[in-house]
1. Give segment 488-516 a look and list any residue that's modelled with pLDDT of 90 or more, open to solvent by 40 Å² or more (accessible area, probe 1.4 Å) and among the small types (G, A, S), or say none.
2. In the set A346, A356, A368, A360, which member is farther than 18 Å from F64 by Cα and either of a type in the set (D, E) or not in a helix (DSSP H, G or I) (or both)?
3. State whether the residues of segment 97-112 include one that is closer than 27 Å to F7 by Cβ, modelled with pLDDT under 90 and open to solvent by 60 Å² or more (accessible area, probe 1.4 Å).
4. Only one of L389, L324 is within 21 Å of V450 (Cα to Cα) and either modelled with pLDDT of 85 or more or surrounded by fewer than 23 Cβ atoms within 10 Å (Cβ to Cβ) (or both); which?
5. Take segment 257-280 and flag every residue that is surrounded by fewer than 23 Cβ atoms within 10 Å (Cβ to Cβ), closer than 26 Å to G151 by Cα and of a type outside the set (S, T, N, Q).
6. Residues in segment 443-454: is at least one in contact with a helix residue (DSSP H, G or I) (Cβ under 7 Å, 6 or more places away or on another chain), open to solvent by 50 Å² or more (accessible area, probe 1.4 Å) and modelled with pLDDT of 90 or more?
7. Can you tell which of V425, V401 is free of Cβ contacts under 8 Å to residues at least 40 places away in the same chain, under 18 Å from P367 (Cα atoms) and assigned to a helix (DSSP H, G or I)?
8. Applying the selection to segment 438-494, what residues are touching a residue at least 40 places away in the same chain (Cβ under 8 Å), over 18 Å from L322 (Cα atoms) and charged (D, E, K, R)?
Amino acid sequence: MNLVRSFSSIGILTLVSRVLGFVRDMLMARFLGAGFASDAFLIAFRLPNMFRALFAEGAFASAFVPSFNRKVGEDDGRLDRAFLFAEQALAILLPFLILFTGLLMLLAGPAVLVLSGGFNEVTPEQFAFATELARITFPYLLFISLVSLLGGILNSLHRFWVNAAAPILLNLTLITALLFFHGPDDYGTARAQAWGVTIAGVLQFLWLWLACRRAGVKLKLRLPRLNDDVKQLLKLIWPAAAGAGAMQINLVVSTMLAARFLDEGSVSYIYYADRLNQLPLGLVGIGLGTVLLPTIARMLAGGDERGALDFQKKGLQLALFLTLPATAALIVSAEPIIRGLLQYGAFTDGDAVATAWALAAFSTGLPAYILIKVLTPGYHARQDMKTPLRFALISIAVNLVLNLILIWPLRHVGPPLATAIASWVNVTLLYLTLRKRGQFEMDRSLASLVARLALAALLMAAALFAATPWIRPFLAGNFEHRVAGLALLVGGGVIVYAVAVFATRAYSLAELKAFLRRKPRPEATTGKTD
């Protein structure tokens, strides 16, 4: 399995999903703008998203995937015991999800109260509306958690593309809701979006279930049983929840404080900025984390410590090669990007400026967000969930303190900046501990490469800054002019960065080709691959 090829299959589908996500956000900005209805929907959607990130994609995936792959590695590629383990895990997960989702729907009001901090100067009718939206979206948690289990199995079989394609269904469903089912006012449109979230969860589950059937994965429903394997899984899940979901928790804290203490629309500014910041995170960080975790776990199960280290180091190189220019571009060109993508209809000039400042603040932490995804598998693959948990808790505490300090002078820019700083604290602790244990190292050649890539990104940023006055008029025109302006901005940045990479001798053409083709040491055969 080649890292770049597997990462590329995930990255392409993630790019399609994120492009559709931007189309969705553009339509949402047009129909909803940045008012209370928009804030209410985003808070209602934030809660199931948070629990999905913490328990489904975070805790369960981080604990289940290494355990599943360890069984495959220990059985020399045989899948019988691994599938049995998956059935036992499902027997515990399903009843818990049903009870937990039902409880959240009953307690939707208190949940919204906690998440929003009570909003700022909200009427009883508005709070009731936000509670209604939350109750509609909560079933999404049930379905997306099952999607995470099935996706973890398919990722372990190297069928990465199937799970990577699932978010496309969410964006298509929400786009459909906006185009064909938007209401006569903001409230009706927000309600249609909430229903779209839950319908998308059902569609994503059906997609993964059919893909598993085609791959020969047919899990049987069993009665819950706490055997040794399940007990070990449950022991790993809880620390993995906070460890894998630190950024989500930080975003929830930021959303809550913005809803409680800042002006109407602040939640939406933070949301739209985070959505753009999530593009490189989704393309690079999530894609690399998805490939690294099962592969490193299987290498370690086979006793190949050196191969696991080399594979993770290659993941870090690829992450920084792609992330540093994205970081520079999002900081320097935040305002023209926001104007070109979102300044339509109800989304005003003031909204664009406010969102651009939040995006620049978020983007200062972009390398940290992605490096967390690269370094954390080094712990989870060794079934060490407690260390990332401890660092995540420190990160959450730093984020909370900085939010309270920065939110008053910087308003809606304070929470994104606090999240970025807290993420840098997290990644620093993760790296230093791995290095101390001898499980990861940044040698001179890697450090030199990082410095040269950073210089290339700075040169690209300078070029974008100089070109912005020439491109800005395009971004205030019609749709075709906006597309042309954004294409010039992005395409020009890519060309300048490519030239700068060669000029700074970060890579020669031959070295870049070798890096993209190089494979890790051979690993055990696990079944069908794509």
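The values are calculated or read from the model by the stated rules, or taken from the named source; none is laboratory data. None of these values were measured; they are calculated from a predicted model. All Cβ positions, glycine included, derive from the backbone under ideal geometry; neighbour counts span all protein chains shown. We work out accessible area using only protein heavy atoms, side chains counted, and drop any ligands, DNA or RNA first. Shrake-Rupley method; radii C 1.70, N 1.55, O 1.52, S 1.80 Å.
1. A498, A503 - these are the residues of segment 488-516 that are modelled with pLDDT of 90 or more, open to solvent by 40 Å² or more (accessible area, probe 1.4 Å) and among the small types (G, A, S).
2. A346
3. no
4. After ruling out the rest, the residue left standing is L324.
5. D274, R275, L279
6. There is no residue in segment 443-454 that is in contact with a helix residue (DSSP H, G or I) (Cβ under 7 Å, 6 or more places away or on another chain), open to solvent by 50 Å² or more (accessible area, probe 1.4 Å) and modelled with pLDDT of 90 or more.
7. V425
8. Correct list: E441, R472, R482.
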